[in-house]
1. About the Cα centre of the range A:35-128, how large is the charge dipole given +1 on each Lys and Arg Cβ and -1 on each Asp and Glu Cβ? Please answer in debye to the nearest 20.
2. Can you compute the charge dipole magnitude of the protein assembly as shown about its Cα centre, using +1 on each Lys and Arg Cβ and -1 on each Asp and Glu Cβ, nothing else charged? Give it in debye, rounded to the nearest 20.
3. Set Lys and Arg Cβ to +1 and Asp and Glu Cβ to -1, take the dipole of the range A:102-233 about its Cα centre, and tell me which of A:I226, A:L160, A:F182 lies farthest positive.
4. Nearest 10 degrees, 0 to 90: what angle lies between the long axis of helix A:77-87 and the longest principal axis of chain A (Cα atoms)?
5. Please turn the phi angles of the range A:90-101 into ³J(HN,Hα) values with the Karplus equation 6.51 cos²θ - 1.76 cosθ + 1.60 (θ = phi - 60°), one per residue in order, whole Hz, x for glycine and proline.
6. Kindly rank A:75-87, B:126-138 from highest to lowest mean number of other beta carbons found within 10 Å of each residue.
7. Tell me, what HN-Hα J-couplings in whole Hz come from the Karplus equation 6.51 cos²θ - 1.76 cosθ + 1.60 at θ = phi - 60° for each residue of the range A:207-217, using x for Gly and Pro?
8. Would you be so kind as to list the residues of the range A:68-97 that have their accessible area lowered by at least 50 Å² in the full protein complex compared with their chain by itself (1.4 Å probe)?
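The values are calculated or read from the model by the stated rules, or taken from the named source; none is laboratory data. A quick note: this is a predicted structure, and the numbers were derived from the prediction, not measured. Don't worry about glycine lacking a Cβ; one is built from the backbone with ideal geometry, like all the others, and counts go over all protein chains shown. Protein only, heavy atoms only, side chains kept; ligands, DNA and RNA dropped before computing areas. Shrake-Rupley method; radii C 1.70, N 1.55, O 1.52, S 1.80 Å.
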Amino acid sequence: MKKLLLLIFLIATVSLKSQQKIAFSFGETPQTLMLNPGSEINYKSHYGIPIVSNFQLTIGNTGFQMGDLFSNDSRSFNEKFEKVLDQISPSDYINLNTKIDVLNFGYRYNNKTYISIGFYEELDLIAYFPKDAIEGLYYGNDPFFNRSFSVSQAIMKADLIGVLHAGISKKVDEKLTIGARFKIYSSSLNIETNNNSGSITTTTNNINISRLTLQNLDAGVRTSGIDNIEEDVLSNTFLGGNLGMGFDVGITYHFSPQRRCII
Amino acid sequence: MNIYIKSVVTIFSLCFLMSCTDNLNFDEINLNVDPIITVPLIYFDLDQDDFFNSSSGTEIPTITDISDFRVFESSDIRNETIKTVFDFEIENRFDRSFEVNVVFFDGNDNITQIIPALNIVSEDLDYVATYSIEIATSPMFLSSRKVSVEVKLSPSSSQIDPNIYQTIKFRSTGTFYFSI
């Protein structure tokens, strides 16, 4: 529980972004083919080093800054944590997206055709801060008699998928390049909780010294793929049981040497 | 014109290309999570009829009730609990004294914890008692699965009159201190 609390706050204090989005229209990098399969490719072949060739990570939060939690001052970590906990609101959230290329290679079939094949894994997570739940775990209910702890603040969605893809980029003429990419998605892990409702309140009354009231509690977590999480979670990303399909198309058209349109 | 462009570039650079930094310290990340959870425990109201056997016309000197005590069924809670405090509040409107004994048992009915007897004098309307159990010195308490409450009517020369309304109210709560 302690590690979970720390993990939530540690990942939420980092804000990093890769160059993935600006790789669009960068013909010099093979990753541009993932954004536009109709990109103009000039090289004969490419081979990606597993994991290293493309590692994309985006983590952010809207609740506080790193300095709030890790400032180099005389306050204890607990003091900083409590101040951060006080200032966040249930509308703040953490967002994590990571994409790792496991396999990526391509070769030029002929002067006009370039073929690329690969496999990558992608993790998406968004979680709103369930402030009441975190405060309940951290402080307990004893300091909060007569306060209602809401369950509806618990909103979270996480997906881990593997994508096997193959694409072709064809130069039709000097002006036009078209391309397409076929993808097979393998969902390995899904955790989701939303639309929760109800509250937990500790009160005093005439019946007993304390009384726990669970009011209209309706909460649930939908999961898949966590039964054998340590053994199966990664293997299921490669053509596991839960498959999907995707298709990307792209066009690059030169109106003039200086002007081009990318779709 | 050049001066104008330079000014714009300078202002743009100052606004968008500069930022403040501050030293961060990642070496002292030590979060102590010590929640305190309060839960209601046993409560009951007994009146003169509960202590009087109308068919035999005699007093019932002892009433005992055993309840499940499931707090420590979870290994997570057993591992993280460091202290438990029980609070008792008793309102005795009888003109008789009582002794209340609270005893905890494990799943095999072995005693795991005995709370010292609560002695309530007659017509004490504000009896309050607190008992603290440190897990470090009483680890057996973590195997508690049942709790027994025994209410003993102290002997007296006068017998309970079933026609005179009298009550004893018992309230209790448990406060659990965790170190996660």
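1. Roughly 620 debye for the range A:35-128.
2. In debye, rounded to 20, the protein assembly as shown gives about 3420.
3. Farthest along the dipole direction, towards plus: A:F182.
4. 90
5. For the range A:90-101, the Karplus-derived couplings read x, 8, 7, 8, 10, 9, 9, 9, 9, 9, 10, 7 Hz, x marking Gly and Pro.
6. Sorting A:75-87, B:126-138 by mean packing, highest first, produces A:75-87, B:126-138.
7. After applying 6.51 cos²θ - 1.76 cosθ + 1.60, I find 7, 8, 4, 10, 8, 9, 10, 9, 10, 6, 5 Hz.
8. So the qualifying set is A:F70, A:N72, A:F77, A:N78.
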